[in-house]
Amino acid sequence: MHKISLLGVGLIGQFYTDSIQGGRKQDRVHVAYSRTEARVSAFAAQHRIPKHTTDLRAAIEDPDTDTVVVGLPNHLHEEAITLAAQAGKAVLCTKPLARTGAEALRILNAVEKAGVFHGYLEDLVYTPKTLRALQSVKNGAVGKVLWARSRETHPGPHSDWFWDKEQSGGGAIIDLGCHCIEINRNFIGKEHKPLEVMCWGDTQVHPIETEDSAVGLVRYANGAIGQFEVSWTFRGGMDLRDEVSGTQGTIWLNHWLRTGYEMFTAHGEGGYVAEKAEGETGWLFPVGDESGALGYTEMFADMFNSMDTKTTPREDFYDGYVVNAIMDAAYRSIASKQWEPVQLAVWRGQDEAASRKGDATDYDADHLLIKEEKMPDGTTKLILKAKATGKIVQKVLASS
C-alpha cells in the first residue's frame, strides 16, 4: 500500500485520483495540494482525502506519505521534484517532464542523486490498445518497424497556463507532441537513438506566442522514422490515432473517436460526455471508462508494482528527458526550417549507424529479392536485383 501526496487538483488530478484509488484497490491519496484553498478543500471532500494544504513543502514532506505525484503546471515541476527527492520520496510526474531538455536533465540528476524511485506518467503509452499493439510488435508481427505515426489533436487545453509560453515551455508540441514522440519511441524501440528532427509549427488560429499546430519527423539511428501531428485547432473533440508500418505488417489504432460507442441525440446528453467533447447534442462519442481508455489505470499499476518489486517502470524520468531533448530539436527546426540534431548529453541506448540500404533478402546466389507479388492471372511476379551489376529485373513464375 502506498500513501500519496498529490500535487495539483485540476483535470489531471481528477484522473490521477480516480485511477490511483480505483486501480489496485490499496493505494490512497492521503494529502492533496493546490495553490487555491477553495479548490483543494472541495477536491479533498469529494474524494475523501484526509488532508489538504496550500503549502507545497508541507504536502511533499508529510510524514505519512511515501510517494509524491506531480500534476502541476510545467514550470513548477523542477521545484516540486527537487523537494520530493530531498525528502527521499518516490516521485511520479505528469508529462512533459520539463519545459526544456536542460531542465529535464537537472530533474533526472536530482532524483538519481537522491536514489529515489521515479516514474514518468506518460499515460498514452499505457492504453489497452497500445499495450496490445506493443506486444504484437515485440512478437515480430510487423517485422522491423520502419515508420510510426502518432496524432493527437483537439480544440485546445482547459487551463490558462497551457497557453502561456513562460509557464508551459511551448504550445501544442509541448502539450501533445510529448505523447506522440514517446508512443513512437516505444514502437520503434527506445534503444534506438533519435538523431535529428524536421518540424513545421505555426500559430494558425489563436493569439498566442507559440504554435497551436505542428507536424514533425524524427529520424532514428536504425533508419526508422517517427512522425507526430499535433494541434489545438482541431474541431470535433479529441483525435488520438497511431499507425505502425513494418516490413511484415501494419497496425492502425484509434483511441478516442470512433471507438465503438456512437450516439446521436437531439435532446442532449445532460452533462459531461468525454474529454474535449465540444457539445452534447448531435453525434456523440462517449467513453465508458476514461481512466482505463486513456491508460491511467495500467500506468499507475505499473508504477506501484514496480515500486513494490524495486524494478524500473516502463516509463521513467530518463524517458522524459529524451522526449524533452527531441522537442527542443523540433523547436529549433521550426526556427531554422531544416533538420536539427537531437542533443542528448546522456544516451543509454544502443550505439548504431543508420541503415540506408534496407534489409536485403537473398533470392538465389546472384539476386536479391525486392518484391514478390501474386498477379490476377495466378502467376507470381518477382522483382529482383542482380548482386553483381545492380540491375533491376523481373521474373514471372507460372501458377502452381
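Some notes on this structure:
- Only one of the listed residues (Glu269, Glu211) is in a loop (DSSP other than H, G, I, E, B), modelled with pLDDT of 95 or more and closer than 30 Å to Asp160 by Cβ. That residue is Glu211.
- If the condition is being closer than 25 Å to Glu298 by Cβ, among the β-branched types (Val, Ile, Thr), in a helix (DSSP H, G or I) and out of contact with any Leu (no Cβ under 7 Å at 6 or more places or on another chain), then segment 79-123 contributes Ile81, Val111.
- Number of the exception - Gln248 against (1) within 23 Å of Glu290 (Cβ to Cβ); (2) surrounded by fewer than 18 Cβ atoms within 10 Å (Cβ to Cβ): (1)
- Subset tally (residues that are of a type in the set (Phe, Trp, Tyr), within 19 Å of the chain's Cα centre (by Cα) and surrounded by fewer than 21 Cβ atoms within 10 Å (Cβ to Cβ)) for segment 251-262: 1
- Looking at Gly8, Gly22, just one residue is of a type outside the set (Val, Ile, Thr), within 24 Å of the chain's Cα centre (by Cα) and on the phi > 0 side of the Ramachandran plot, and that residue is Gly8.
- Under the condition of being of a type in the set (A, V, I, L, M, F, W, C), under 18 Å from Gly171 (Cα atoms) and over 15 Å from the mean Cα position of the chain (by Cα), the residues counted in segment 212-234 number 5.
- In summary, strands (runs of 3 or more DSSP E) completely within segment 291-398 and bearing 1 or more residues that are loosely packed, with under 12 Cβ neighbours inside 10 Å and either at positive phi or not aromatic (Phe, Trp, Tyr) (or both) occur at 367-374, 392-397.
- Hits in segment 1-59 (condition: of a type in the set (Ser, Thr, Tyr) and under 27 Å from Thr127 (Cβ atoms)): Ser5, Tyr16, Thr17, Ser19
- Glu278 surrounded by 12 or more Cβ atoms within 10 Å (Cβ to Cβ), in a loop (DSSP other than H, G, I, E, B), among the acidic types (Asp, Glu) and over 21 Å from the mean Cα position of the chain (by Cα): yes
- Pairs are defined by a Cβ separation below 7 Å, a sequence spacing of at least 6 or placement on different chains, a first member in segment 296-320 that is over 18 Å from Pro194 (Cα atoms) and in contact (Cβ under 8 Å) with a residue 60 or more places away in the chain, and a second member that is of a type in the set (Phe, Trp, Tyr) and in a loop (DSSP other than H, G, I, E, B); the pairs so defined are Met307/Phe117.
The values are calculated or read from the model by the stated rules, or taken from the named source; none is laboratory data. Since this is a predicted model, take the numbers as computed values, not measurements. So basically every Cβ, Gly included, is an ideal-geometry build from the backbone, and we count neighbours across all protein chains shown.
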